[in-house]
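Engineer: Please see the structure below; I have some questions.
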Amino acid sequence: MTSKASDEARYRANLQGEIDSATVYRAMAAAEKNPQLTSVYVRLAEVEERHLFFWEDRLRSIGVDPGPRHASWRARTRAFLAGRFGPRFVLPTVASLEQVDQEGYDDQPETAGTNMSDQERSHARVLRYIVGGSPQGLAGQTLATLEGRHRAPGGNSLRAAVLGANDGLTSNLALVMGVAGAQLQTTAILITGLSGLLAGAFSMAIGEWISVQSARELYQRQVRTEATEIRSVPDEEREELALIYEAKGLPEEEAKQVAERLMADEQAALDAMVREELGLDPDSLGGSPYAAGAASFLLFSIGAVLPLIPYFIASGSVALVAAICCSAFGLFTIGALITLLTGRKVIFSGSRQLCFGLLAAGVTFGLGRLIRTAVGG
């Protein structure tokens, strides 16, 4: 590849990344209900837009038309999810991607003498603190508003959704292929598949409920302990709060002032200590176990029903082939959706998911056929 062609490819990749980031930040800003966080997302988008102007100018400098700006399907999907479910749904994913990409401009000569590398690292830090606390260096009223109130509840919702559907599809596809390999009747395959769907979905839901409920009970105990400490040793708690805010980037005096204001109200002090010292959101304490269980049940069922759909309307080889096709489509789609989290190529991720899922199905189909032969079928 010639130097010009190599530069063009790199410039276009940088430009596309900035277009995608600006698109997602604009969508997050539009969906955010907190005005301070809206302002943060807007400022992040504005910086990314200045960066994309930079790369468009670089393309023109080598005689290449940058062309129209189009966000990638990944960015459009994240923007849609942010608008539909709120910025917090995609925030952990966006923060992780910024963390991975924050050094992307360090070795590119075109950005030398600019503050683009520093701005990318700043974006990663800001998002990390919004996910897990307060953004470093944000002070005053913005800090007080942002402080801990936008912590992601128990991980990445998008990741959980994708993997929950994948669990249902892969496990039930293997189960259905196993009984199909044993050459059972369509009714028996349907009963087995539906039983597998319900058993797996209930198991996932109950497991998720127990996990979240147990975590909530532990968190409630920690909150009660923290409340006791605030009443019994308020001076120590005040000093601890001041040190926390100072460590986050506030000047010493301002950190002490923030801690003093919070400790004047016992509930506000408890709220702050729970967020900062324990890393918890006292409003949710890890989320609702019932919502988590229901979501787990639904997502597992969505994946698990795919290999069963053809058996409701067909039988024999036609249903078997159609079940494999439906499942293959679902596996590839799930692999493609995983790229929203990883940024890998769609073909690579989708094909990998497809291969593993069909391999599992092939193994159980073969075992079903062997069992059928062994019992004299």
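Engineer: Which angle between 0 and 90 degrees, to the nearest 10, do you get for helix 116-132 versus the longest principal axis of the chain when only C-alpha atoms count?
Structural biologist: 70 degrees
Engineer: In addition: Order by neighbour count: 70, 51, fewest other Cβ atoms within 10 Å first, most last.
Structural biologist: Placing the least packed residue first, the sequence is 70, 51.
Engineer: Using a Förster distance of 25 Å, how high is the FRET efficiency between residue 72 and residue 321, based on the Cβ-Cβ distance and rounded to 0.05?
Structural biologist: That gives a FRET efficiency of 0.15.
Engineer: Hey, what D do you get for the range 216-276 in µm²/s if you plug the Kirkwood alpha-carbon radius into Stokes-Einstein at 25 °C and 0.890 mPa s?
Structural biologist: 211 µm²/s
Engineer: Let me ask you something else. Which of 97, 218, 173 ends up with the largest GNM mean-square fluctuation for the chain, with Cα atoms connected below 10 Å?
Structural biologist: Between 97, 218, 173, it is 218 that shows the largest mean-square fluctuation.
Engineer: Place a +1 charge on the Cβ of each Lys and Arg in the chain and a -1 charge on the Cβ of each Asp and Glu, then give the dipole magnitude about the Cα centre in debye, rounded to the nearest 20.
Structural biologist: It comes to approximately 2220 debye.
Engineer: Quick one: compute the contact order of the chain, relative version, from alpha carbon pairs under 8 angstrom and 6+ residues apart, as a percent. Kindly include the intermediate steps, with their values, before the conclusion.
Structural biologist: Numbers: 487 pairs, mean separation 73.3, N = 377.
Relative CO of the chain lands at 19 percent.
Engineer: For Cα extents along the principal axes in Å, which listed value, [x] 83, 68, 30; [y] 57, 45, 38; [z] 77, 44, 37, comes from the coordinates shown?
Structural biologist: Step by step, Cα extents along the principal axes in Å for this structure corresponds to label [x].
Engineer: Have a look at 271, 65, 20 and tell me which one the Gaussian network model of the chain (Cα, springs below 10 Å) gives the largest fluctuation.
Structural biologist: 65
Engineer: Set Lys and Arg Cβ to +1 and Asp and Glu Cβ to -1, take the dipole of the range 216-276 about its Cα centre, and tell me which of 264, 218, 250 lies farthest positive.
Structural biologist: 218
Engineer: I would also like to ask the following. Only Lys, Arg, Asp and Glu count, each charged at its Cβ (+1, +1, -1, -1), so figure out the dipole size of the range 1-138 about its Cα centre, rounded to 20 debye.
Structural biologist: 660 debye
Engineer: Report the FRET efficiency, 1/(1 + (r/R0)^6), for residue 313 and residue 214, where r is their Cβ-Cβ distance and R0 is 41 Å, rounded to 0.05.
Structural biologist: 0.45
Engineer: Please give the helix 35-61 orientation as an angle from the longest Cα principal axis of the chain, in degrees from 0 to 90, rounded to the nearest 10.
Structural biologist: So the inclination is approximately 80 degrees.
Engineer: What does the range 3-138 give for Rg and for Dmax, in Å, if only its C-alpha atoms count?
Structural biologist: For the range 3-138, the Cα radius of gyration and maximum Cα-Cα distance read 15.0, 47 Å.
Engineer: If each residue's Cβ is checked for other Cβ atoms within 10 Å, how do 28, 263 rank with the fewest at the top?
Structural biologist: In order of increasing Cβ crowding within 10 Å: 263, 28.
Engineer: What is the gain in length, in nm to one decimal, between residue 260 and residue 36 on full extension, counting 0.36 nm per residue of separation less the C-alpha to C-alpha distance?
Structural biologist: 78.4 nm
Engineer: Now for a separate question. Put +1 on the Cβ of each Lys and Arg and -1 on the Cβ of each Asp and Glu in the range 3-138; which of 113, 130, 14 then has its Cα farthest toward the positive end of the dipole?
Structural biologist: In the range 3-138, that residue is 130.
Engineer: Here's a follow-up. Within a 10 angstrom radius of the beta carbon, how do 344, 121 rank from fewest other beta carbons to most?
Structural biologist: On the way: 344 14, 121 17.
Taking fewest neighbouring Cβ atoms as first place, the list is 344, 121.
Engineer: Here's another thing I want to ask about it. Cα axis of helix 157-181 to longest principal axis of the chain: angle in degrees, 0 to 90, nearest 10?
Structural biologist: For 157-181 against the chain, the angle is about 10 degrees.
Each reported figure results from applying straightforward, stated rules to the coordinates on display, with no laboratory input. Keep in mind it's a predicted model, so treat the numbers as computed, not measured. Don't worry about glycine lacking a Cβ; one is built from the backbone with ideal geometry, like all the others, and counts go over all protein chains shown.
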